[in-house]
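S.K.: The structure follows.
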Amino acid sequence: MTLIITLLAAAIATIAWYVAGPNNQMKIGVLALMYWGAGLMWTVDGIASLIEGEAFIEIVDHAAMIDDALLGLVIVTTGLIAWALYLLVKDPEGMLRKSLAA
């Protein structure tokens, strides 16, 4: 579930980045790359689970599925927080500098 939620967030961020175009000031591409990196990480984790003889995605145990879904939501939320901090540091439209200078 974690992999599915992360890849869904990556796909949505990629579509938003594509729709926003090359002149987007919100740096949505950075968010998309964060989610694709997390998706790659979870894919490698699933492959390692397969090598150890476990399931790639746990779908039998409902409690494990709920835990994985919550972890996926935490990952997506953490990505949004990291992206917001990135925007604060980069200040693409200069809004933070303008408000602090006033």
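The values are calculated or read from the model by the stated rules, or taken from the named source; none is laboratory data. Bear in mind that the values here come from a model prediction, so they are computed numbers and not experimental data. Don't worry about glycine lacking a Cβ; one is built from the backbone with ideal geometry, like all the others, and counts go over all protein chains shown.
S.K.: Looking only at region 11-36, which residues are over 21 Å from Leu96 (Cβ atoms), of a type in the set (Gly, Ala, Ser) and within 15 Å of the chain's Cα centre (by Cα)?
M.R.: Those that are over 21 Å from Leu96 (Cβ atoms), of a type in the set (Gly, Ala, Ser) and within 15 Å of the chain's Cα centre (by Cα): Ala11, Ala13, Ala16, Ala32.
S.K.: Please work out if Tyr35 is aromatic (Phe, Trp, Tyr), surrounded by fewer than 14 Cβ atoms within 10 Å (Cβ to Cβ), modelled with pLDDT of 90 or more and assigned to a helix (DSSP H, G or I). Steps first, answer last, please.
M.R.: Values: aromatic (Phe, Trp, Tyr): yes; surrounded by fewer than 14 Cβ atoms within 10 Å (Cβ to Cβ): no; modelled with pLDDT of 90 or more: yes; assigned to a helix (DSSP H, G or I): yes.
Criteria not met by Tyr35.
S.K.: Output the residues belonging to region 57-81 that are surrounded by 13 or more Cβ atoms within 10 Å (Cβ to Cβ) and either touching a residue at least 12 places away in the same chain (Cβ under 8 Å) or not in a helix (DSSP H, G or I) (or both).
M.R.: Within region 57-81, Ile57, Glu58, Met65, Asp68, Ala69, Leu71, Gly72, Leu73, Ile75, Val76, Gly79, Leu80 qualify.
S.K.: Let me ask something else. When region 3-25 is examined, which residues are found to be in contact (Cβ under 8 Å) with a residue 24 or more places away in the chain and either in contact with a Ser or Thr (Cβ under 7 Å, 6 or more places away or on another chain) or surrounded by fewer than 14 Cβ atoms within 10 Å (Cβ to Cβ) (or both)? I'd like the intermediate steps shown before the answer.
M.R.: Here is the first cut: in region 3-25, the ones in contact (Cβ under 8 Å) with a residue 24 or more places away in the chain are 3-7, 9-10, 25.
Residues satisfying the conditions are Leu3, Gln25.
S.K.: Then there is this: Do you know which residues across region 82-93 are without any contact (Cβ under 8 Å) to a residue 12 or more places away in the chain and of a type in the set (Asp, Glu)?
M.R.: Initially, region 82-93 is screened for residues without any contact (Cβ under 8 Å) to a residue 12 or more places away in the chain, giving 84-85, 88-89, 91.
The answer is Asp91, and nothing else.
S.K.: Follow-up question, since we're still on this one. Among the residues of region 42-50, is any modelled with pLDDT of 90 or more, under 16 Å from Tyr86 (Cα atoms) and touching a Gly at 6+ places or on another chain (Cβ under 9 Å)?
M.R.: As a first pass, look at region 42-50 and keep what is modelled with pLDDT of 90 or more: 42-50.
This time we only want the ones that are under 16 Å from Tyr86 (Cα atoms), so: none.
Looking through region 42-50, none of the residues is modelled with pLDDT of 90 or more, under 16 Å from Tyr86 (Cα atoms) and touching a Gly at 6+ places or on another chain (Cβ under 9 Å).
S.K.: Additional query: Return the residue satisfying two criteria in turn: it lies in region 12-32 and is in a loop (DSSP other than H, G, I, E, B) and in contact with a Phe, Trp or Tyr (Cβ under 8 Å, 6 or more places away or on another chain), and of such residues it is nearest to Ala84 (Cα to Cα).
M.R.: Selected residue: Lys27.
S.K.: Let me ask something else. Hey, Trp42 hits all of (1) crowded, with 18+ Cβ neighbours inside 10 Å; (2) not in a helix (DSSP H, G or I) but one; which does it fall short on?
M.R.: (2)
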